[in-house]
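Asks: Mind looking over this structure? Questions follow.
The values are calculated or read from the model by the stated rules, or taken from the named source; none is laboratory data. Owing to the predicted nature of the structure, the values given are computational and were not obtained by experimental measurement. So basically every Cβ, Gly included, is an ideal-geometry build from the backbone, and we count neighbours across all protein chains shown. Calculation scope for accessible area: heavy atoms of the full protein, side chains included, ligands and nucleic acids excluded. Shrake-Rupley method; radii C 1.70, N 1.55, O 1.52, S 1.80 Å.
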Amino acid sequence: MPTIKDVAQLAGVSPALVSRVLNNKSGVSDSTRTKIQAAIKQLNYFPNQNARALNKGNLSAIGVILPNLITPYFSSIISGIETIATKHDVQVVLNSSAFDQAKEMAALDTLIEQRYQSVFLFTTSISDHKLIEYADKVPGLVIFDRKVDQIANRCVWLDDQAAAQQMADELIKNGHRQIAVLDLPHSLLHSSRRFSYFKRALKLQGIELSSGLVEQTDGTIQGGEDAIYNLLASGRKFTCVACFNDATAYGATNFLIAQGKRIPSQISIIGFNDSIYSKMTVPSFHTIHTPIKKMAKYATQLAIDLAHNLTNVETIKNNCFTPHLVKNASVATAAISQD
């Protein structure tokens with residue numbers, strides 16, 4: 001394992017200068033700082049864990065890495081984080097990665113270089129193997145909305161299988177067999193899981209999901225509108241639309257109504273996340289409640305506790321949260337024959 005002396009030797013500077021860079025202190029020229037940072041990256045050097053623990057200042061903040069900071073889903077996460085951070089007088093340092101692996105890893109490496117003890121990470125692209133490595137370097141690293149089996153006690157996630165089953169059950173119960181799906185990019189791991197579980201739940205009831213009724217979206221309101229336009233233009237029959245987030249459901253609902261479609265008497269619709277979008281249409285639409293804020297508060301508390309050695313990671317049993325169906329006014333008995 002490389003040492004601070006190895007970094008100093010490679011950069012051609014003294015260990016003291018390397019230490020100043022690692023502690024983000026002044027007194028180092030930009031060119032020298034760049035050389036040292038390059039050497040740190042080349043050697044994959046991380047400060048000694050015990051030495052970091054002695055720096056109490058690093059316990060006064062939590063680093064947060066999220067793909068997005070403004071949508072209702074991620075705003076709920078931030079609200080949950082801030083609630084717990086404020087309670088413990090811990091500063092929240094936000095990083096936006098835009099679902100870019102390079103940005104996620106750069107943010108992580110910077111937080112580690114600056115000796116953060118608590119990190120809240122939402123990532124869909126960093127490999128399990130790499131996350132396990134990071135968990136060894138950050139005592140309070142917690143991974144949100146994803147389960148990595150080897151470090152499951154550092155992960156907080158939703159039971160996507162239960163969520164998909166609840167969606168399928170509600171539609172099947174109301175006689176729907178011609179089911180359209182507004183899918184999300186499968187680069188989002190939870191989206192891939194939800195689609196697979198939903199398809200499996202339908203198949204177990206003898207319903208084959210038609211590929212012609214599956215539209216990929218970017219997860220936005222406009223994406224929902226575009227997807228429904230494509231489905232209507234295709235001429236394919238469908239009695240309901242299952243959406244894997246509320247933004248696409250909102251866009252789809254508004255577009256259908258604008259086209260003179262009656263919801264739910266002609267077409268039923270169901271969303272996912274129980275966000276404000278589900279209450280903004282007339283009628284309001286069914287959705288799956290995901291306790292995102294509660295999950296974020298739990299994950300933040302876990303990160304802080306681990307960083308302060310207030311809990312033993314080995315004793316943590318289950319960080320999986322359960323969703324439930326919220327019935328509003330957008331699902332009714334299937335309107336056309338199922339021939």
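Asks: Rounded if a/c is under 1.5, else prolate if a/b is larger than b/c, else oblate: which is the range 84-239, with a ≥ b ≥ c the root eigenvalues of its Cα gyration tensor?
Replies: On the way: a/c = 2.75, a/b = 2.13, b/c = 1.29.
Prolate.
Asks: Size of the dipole of the chain about the Cα centre, Lys and Arg at +1 and Asp and Glu at -1 on the beta carbon, nothing else charged, in debye to 20?
Replies: Numbers: 33 positive and 28 negative charges, 76 e Å.
Approximately 360 debye in magnitude.
Asks: Same structure, new question: Which lysines, if any, have their Cα less than 28 Å from the Cα of residue 237, not counting same-chain residues under 8 positions apart?
Replies: 173, 199, 203, 261, 279, 327
Asks: Mind checking the angle between helix 101-113 and the chain's longest principal axis? C-alpha axes, 0 to 90 degrees, to the nearest 10.
Replies: 40
Asks: Once Lys and Arg get +1 and Asp and Glu get -1 on their Cβ, which of 165, 134, 224 lies farthest toward the positive end of the dipole of the range 108-253?
Replies: About the Cα centre, the residue reaching furthest to the positive side is 165.
Asks: Could you work out the helix-only [θ] at 222 nm for the chain, with each DSSP H run of four or more residues adding -39,500 (n - 2.57) and the total divided by the number of residues, to the nearest 500 deg cm²/dmol?
Replies: Only helices count here, giving -13500 deg cm²/dmol.
Asks: Considering only protein heavy atoms, with the full assembly of protein chains and a 1.4 angstrom probe, order 20, 236, 154 by accessible area, largest first.
Replies: On the way: 20 85, 236 120, 154 30 Å².
Listed by decreasing accessible area, they come as 236, 20, 154.
Asks: For the range 14-23, what does the Karplus curve 6.51 cos²θ - 1.76 cosθ + 1.60, with θ = phi - 60°, yield as ³J(HN,Hα) per residue in whole Hz, taken in order and with x for Gly and Pro?
Replies: Running phi through 6.51 cos²θ - 1.76 cosθ + 1.60 with θ = phi - 60° gives 7, x, 5, 5, 4, 4, 5, 5, 4, 9 Hz.
Asks: For the range 1-142, what % of the accessible area comes from carbon and sulfur atoms, probe 1.4 Å?
Replies: Values: 3560 of 6900 Å².
Result for the range 1-142: 52 percent of the exposed heavy-atom area is carbon or sulfur.
Asks: For the range 194-293, what is the accessible area per residue in Å², given a 1.4 Å probe and the full set of protein chains? Walk me through the numbers on the way to the answer.
Replies: Numbers: 4250 Å² over 100 residues.
Value for the range 194-293: 43 Å² per residue.
Asks: Across every pair of different alpha-carbon atoms, what Kirkwood hydrodynamic radius in Å does the range 188-286 reach? Could the numbers behind the result be given before it?
Replies: Values: mean 1/r = 0.0728 Å⁻¹.
Answer for the range 188-286: a Kirkwood hydrodynamic radius of 13.7 Å.
Asks: Out of (i) 23.9; (ii) 17.9; (iii) 19.1, which label holds the value of mean projected area of the Cα convex hull in nm² that was computed here?
Replies: (iii)
Asks: How far, in degrees from 0 to 90, does helix 160-173 lean away from the longest principal axis of the Cα atoms of the chain, to the nearest 10?
Replies: The answer is roughly 10 degrees.
Asks: What residues qualify as long-range amide H neighbours of residue 319, i.e. H under 5 Å apart, gap of 5 or more or another chain, H built at 1.01 Å from N?
Replies: Those lying under 5 Å, H to H, from residue 319: there are none.
Asks: In addition: Helix 221-234 versus the longest principal axis of the chain: what angle, 0 to 90°, nearest 10, using Cα atoms?
Replies: 40
Asks: Based on alpha-carbon centroids, what's the gap between the range 76-104 and the range 258-282 in Å, whole number please?
Replies: Using only Cα atoms to place each centre, the spacing works out to 31 Å.
Asks: Another one. As a test, work out the antiparallel percent of DSSP beta bridges whose residues both lie in the chain, rounded to the nearest 5. Let's see the in-between values first.
Replies: Values: 3 of 33 bridges.
Roughly 10 percent of the DSSP beta bridges within the chain come out antiparallel.
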